[in-house]
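Reading through the structure tokens given below for one structure.
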Amino acid sequence: VVAVSAGGAHTCALRSDNSARCWGAGRSGQLGDGAFSDQLRPVAVQAGGAIAALSAGDAHTCARLNDGAARCWGANDGGQLGDATRTNRGAPAMVLGLALAADLAAGWNHTCAAQTLGAALCWGTNNEGALGDGLTLMRTTPGLVVGLFNATSVVAGGSHSCARLSNGGVRCWGRNGEGQLGDGTTTNRLTHVAVSGLTNAVEVGAGWGHTCARRTDGTVWCWGRNSDGQLGDGSTSSRRSPVQVQPVARARALSVGDSH
């Protein structure tokens with residue numbers, strides 16, 4: 001195993017031979033084994049290609065293939081699989097119109113990708129602007145995030161999304177009721193806004209209502225919902241802009257869950 005991704009109630013692992021195994025809840029097809037049933041042990045994903053990376057969402061899973069294409073499977077009620085339908089899939093379906101994918105992120109009911117040339121695309125549920133296309137309409141195939149051209153990676157949370165930029169900045173869009181976009185407001189954004197005061201980011205993670213970033217100096221900064229202490233600043237007060245996780249130094253990796 002070379003990587004692991006945990007979703008709402010299922011988990012997937014990428015192996016060194018570019019195959020994948022998933023286990024846990026499978027009634028929406030999120031395990032990718034062709035069935036719609038829970039599995040207590042790992043089952044093989046029928047990916048139809050060499051997998052480079054995995055991302056598990058709430059009840060769907062996506063894989064970036066070695067050739068830059070992507071496949072998704074599982075729940076598709078919001079169009080989050082990107083196959084131009086709203087039909088749940090028990091086996092991987094090709095994300096239509098996506099090529100040169102460098103990063104891929106599955107959220108609760110939407111999915112985003114960053115391309116090698118710096119563009120970002122999202123698809124799925126868009127009620128609060130999680131797709132960043134300036135609209136609030138569902139998309140069942142990928143659409144461009146408006147005005148974003150230097151994205152190196154993407155993350156997808158509950159109803160918001162973020163991208164790390166090549167210059168170390170972070171841009172976010174979508175729901176902002178708890179300050180999860182980090183722009184100092186609680187106003188939902190249909191297009192991307194800069195996270196206030198955050199520089200030198202090397203990794204970003206998105207939860208249901210909060211977001212975190214790891215910087216080059218090994219510090220970790222979080223913002224948004226903090227009802228369960230998920231921002232790690234010693235309080236339970238939500239934050240509209242980044243606060244430092246205490247005491248964390250020399251962090252080498254970051255993983256963000258629903259409320260932790």
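Exactly one residue out of Ala13, Ala52 is open to solvent by 30 Å² or more (accessible area, probe 1.4 Å), part of a strand (DSSP E or B) and of a type in the set (Gly, Ala, Ser), and it is Ala52. Of the residues Ala99, Ala69, Ala47, the single one that is within 24 Å of Thr140 (Cβ to Cβ) and at pLDDT below 95 is Ala47. Number of residues in the stretch 28-47 that are more than 29 Å from Val204 (Cβ to Cβ) and either free of Cβ contacts under 8 Å to residues at least 24 places away in the same chain or open to solvent by less than 70 Å² (accessible area, probe 1.4 Å) (or both): the value is 10. Please enumerate the residues belonging to the stretch 188-221 that are open to solvent by 10 Å² or more (accessible area, probe 1.4 Å), more than 13 Å from Ala130 (Cα to Cα) and hydroxyl-bearing (Ser, Thr, Tyr). Across the stretch 188-221, the qualifying residues are Ser196, Thr199, Thr216, Thr219. Inside the stretch 16-39, residues that are touching a Phe, Trp or Tyr at 6+ places or on another chain (Cβ under 7 Å) and in a strand (DSSP E or B) make up a count of 1.
Only one residue in Ala113, Ala84 is touching a residue at least 40 places away in the same chain (Cβ under 8 Å) and open to solvent by 10 Å² or more (accessible area, probe 1.4 Å), so which one is that? Full working, then the answer.
Numbers: Ala113 fails: open to solvent by 10 Å² or more (accessible area, probe 1.4 Å).
On inspection, the qualifying residue turns out to be Ala84.
Restricting attention to the stretch 72-113, the residues that are assigned to a loop (DSSP other than H, G, I, E, B) and either within 18 Å of the chain's Cα centre (by Cα) or not polar (S, T, N, Q) (or both) total 20.
The values are calculated or read from the model by the stated rules, or taken from the named source; none is laboratory data. Every value quoted in this text rests on a predicted model; they were computed, and no experiment measured them. Glycine also receives a Cβ, built like all others from the backbone with ideal geometry; neighbour counts cover every protein chain displayed. For the accessible areas, the whole protein counts, side chains as well, though only heavy atoms, and no ligand, DNA or RNA atoms are used. Shrake-Rupley method; radii C 1.70, N 1.55, O 1.52, S 1.80 Å.
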